[in-house]
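Below is one structure, written out as structure tokens; comments come after it.
The values are calculated or read from the model by the stated rules, or taken from the named source; none is laboratory data. The structure presented is a predicted model; accordingly, all values stated were derived computationally and were not measured. FYI the Cβ positions are ideal-geometry reconstructions off the backbone, even for glycines, and counts take in every protein chain you see. SASA here: full protein model, heavy atoms, side chains in, ligands and nucleic acids out. Shrake-Rupley method; radii C 1.70, N 1.55, O 1.52, S 1.80 Å.
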Amino acid sequence: MNRTDFNLFRNVTNEVEFLIKDVDRKPFNLANKSVWLYIVDDRTGQLLIQRQLVSISDSRGHCRLVLDPL
């Protein structure tokens, strides 16, 4: 688990890319694995977003979150 602050904007498509690494900071192989993102409001503890990330490169641990406007 890691905590990283980033901004999402309303009424536009938001794309956020992630690099998943192991404890030695080497890329984590995502082959045959799924990566989920959970965004929780710090103040209320309410789950705001739960999405599966799209793999870009399994061997490099590179994946992307795409949030389309409602």
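Each residue in the stretch 1-43 was checked for being exposed (fewer than 11 other Cβ atoms within 10 Å of the Cβ) and hydrophobic (A, V, I, L, M, F, W, C), and 7 of them qualify. If the condition is being closer than 18 Å to GLU15 by Cα and either open to solvent by less than 90 Å² (accessible area, probe 1.4 Å) or hydrophobic (A, V, I, L, M, F, W, C) (or both), then the stretch 59-68 contributes GLY61, HIS62, CYS63, ARG64, LEU65, VAL66, LEU67.
Only residues that are under 11 Å from the mean Cα position of the chain (by Cα) and part of a loop (DSSP other than H, G, I, E, B): list them for the stretch 7-23, please. Lay out the reasoning, then the answer.
Just the residues of the stretch 7-23 that are under 11 Å from the mean Cα position of the chain (by Cα), to begin with: 15-20.
ILE20 - this is the single residue of the stretch 7-23 that is under 11 Å from the mean Cα position of the chain (by Cα) and part of a loop (DSSP other than H, G, I, E, B).
Note on the stretch 44-54: among residues that are loosely packed, with under 11 Cβ neighbours inside 10 Å and under 15 Å from the mean Cα position of the chain (by Cα), the one that is modelled with the lowest pLDDT is LEU48.
Give the residues of the stretch 11-27 that are of a type outside the set (A, V, I, L, M) and either touching a Leu at 6+ places or on another chain (Cβ under 9 Å) or farther than 17 Å from LEU65 by Cα (or both), sorted by residue number. Lay out the reasoning, then the answer.
Narrowing the stretch 11-27 to residues of a type outside the set (A, V, I, L, M): 11, 13-15, 17-18, 21-22, 24-27.
Hits for the stretch 11-27 are ASN11, THR13, ASN14, GLU15, GLU17, PHE18, ASP22, ASP24, ARG25, LYS26, PRO27.
In the stretch 55-70, the residues that are in contact (Cβ under 8 Å) with a residue 40 or more places away in the chain and in a strand (DSSP E or B) form Cβ pairs under 8 Å with partners that are surrounded by 15 or more Cβ atoms within 10 Å (Cβ to Cβ) and not hydrophobic (A, V, I, L, M, F, W, C), at six or more places apart or across chains, as follows: HIS62/PRO27; HIS62/SER55; CYS63/SER55. Screening GLN46 against (1) out of contact with any Pro (no Cβ under 9 Å at 6 or more places or on another chain); (2) in contact (Cβ under 8 Å) with a residue 24 or more places away in the chain leaves a single unmet condition, (2).
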